[in-house]
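Visitor: Let me begin by handing over the structure; questions about it come next.
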Amino acid sequence: MTESRAAKDGKLIAVTWLALLLAACAGNQRQNAAPVSTPTNAAITNDTGLPLPENATIIDSRKFVQTIDPAEQSGSALAAAGKGTYNGHKVIAASSATDQDLVKWLASVPAPAGMKKTDAGAKIKVDSRTLDEVVHTYGIDYVAFVSQSGKGATVVVMDPKIATNKLGVVLTALERYNSLPAAMRQAMDEQIKQRTGFSVAELTDTSAPLGAALAAMSEFRNSDARAIILLRGERTQ
């Protein structure tokens, strides 16, 4: 007998509440510790070479280094570019444009020089749907490009409110995941996989459109803006 969506959500909520309790206890134990500073960017610029829609505001820009193994990670431009370690840039921007306008703009984004569009997400199945169809139901659309010389780029647009409505309890679980004991992480991973069709590793792969979008959610908690995420990387090893 197939387990109902409500039952799956109930199990995940139970695991999430336990995660919150453990995190709160850990937080109380650390409250007297000195705060750890997080490096900030000296200047917020778009170093990806990818376009942004008119009137978009950059809210975060940083470099990244990520090792990609297509046997374990799929659906991203970097995975399509091949196995290796990639250096790149990521930009998060906000826009007041409508979902329809952003999807129209996304379709007009040209391929960067030396790259061509890749439709890897249309070939990956998540249950009975393609990856592209699933991420669209979460308010996420994207276009990806790849070169034969180990370069990849992705442009993502997202409506954070749709993503929150569809994945609210999952987002809460992901925020607490790394602070949990191994046994509890395994249980939570199984519940998230049943609920979404994705493992925690897939949902947190920031080289992929879904993972990149979910990683940017915290920037839009108190905003009605739409999100644009730009990713561009080049294989160095």
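Here, each number is a calculation from the coordinates, and none is a lab measurement. Every value quoted in this text rests on a predicted model; they were computed, and no experiment measured them. Glycine also receives a Cβ, built like all others from the backbone with ideal geometry; neighbour counts cover every protein chain displayed.
Visitor: If the cut-off is a Cα-Cα distance under 30 Å, which lysines reach Lys117, setting aside same-chain residues fewer than 8 apart in sequence?
Guide: Straight-line reach from Lys117, under 30 Å: Lys63, Lys83, Lys90, Lys104, Lys125, Lys151, Lys161, Lys166, Lys193.
Visitor: Another one. Go ahead and run the numbers for FRET between Ile44 and Ser199, Cβ-Cβ distance against an R0 of 25 Å, rounding to 0.05. Kindly include the intermediate steps, with their values, before the conclusion.
Guide: Details: r = 32 Å, r/R0 = 1.29.
So, using R0 = 25 Å, E works out to roughly 0.20.
Visitor: Please turn the phi angles of region 151-165 into ³J(HN,Hα) values with the Karplus equation 6.51 cos²θ - 1.76 cosθ + 1.60 (θ = phi - 60°), one per residue in order, whole Hz, x for glycine and proline.
Guide: 10, x, 8, 9, 10, 10, 10, 8, 9, x, 5, 5, 4, 5, 5
Visitor: So, with +1 on the Cβ of K and R and -1 on the Cβ of D and E, and no other charges, what is the size of the charge dipole of region 130-199 about its Cα centre, to the nearest 20 debye?
Guide: Working: 7 positive and 7 negative charges, 38 e Å.
In total the dipole reaches around 180 debye.
Visitor: Region 179-237: percent of C-alpha pairs farther apart than 18 Å?
Guide: Values: 883 of 1711 pairs.
Value for region 179-237 (Cα pairs over 18 Å): 52 percent.
Visitor: Here is a further query. Under a 5 Å amide H to amide H cut-off, with H placed in plane at 1.01 Å, what residues pair with Ile68 once short-range neighbours are removed?
Guide: Close amide H contacts, sequence-distant or interchain: Gly84, Thr85, Tyr86.
Visitor: Could you go through region 130-139 in sequence order and give the Karplus-derived ³J(HN,Hα) for each residue, using 6.51 cos²θ - 1.76 cosθ + 1.60 with θ = phi - 60°, rounded to whole Hz, and x for Gly and Pro?
Guide: 7, 4, 4, 5, 5, 5, 5, 5, 8, x
Visitor: If packing is taken as the average count of other Cβ atoms within 10 Å, what order do 80-90, 163-173 fall into, highest mean first?
Guide: Values: 80-90: 19.4, 163-173: 17.7.
Peptide ranking by packing, descending: 80-90, 163-173.
Visitor: Hey, what does the equivalent ellipsoid look like for region 63-160, semi-axes from the Cα gyration tensor as sqrt of 5 times each eigenvalue, largest first, whole Å? Each step should come with its number before you reach the end.
Guide: On the way: eigenvalues 98, 61, 33 Å².
Whole-Å semi-axes of the equivalent ellipsoid: 22, 17, 13.
Visitor: According to the square roots a ≥ b ≥ c of the eigenvalues of the Cα gyration tensor, what is the shape class of region 80-128, taking rounded for a/c under 1.5, prolate for a/b larger than b/c otherwise, and oblate for the remainder? The partial results should precede the final answer.
Guide: Values: a/c = 1.75, a/b = 1.26, b/c = 1.39.
It is oblate, given that a/c is not under 1.5 and a/b is not larger than b/c.
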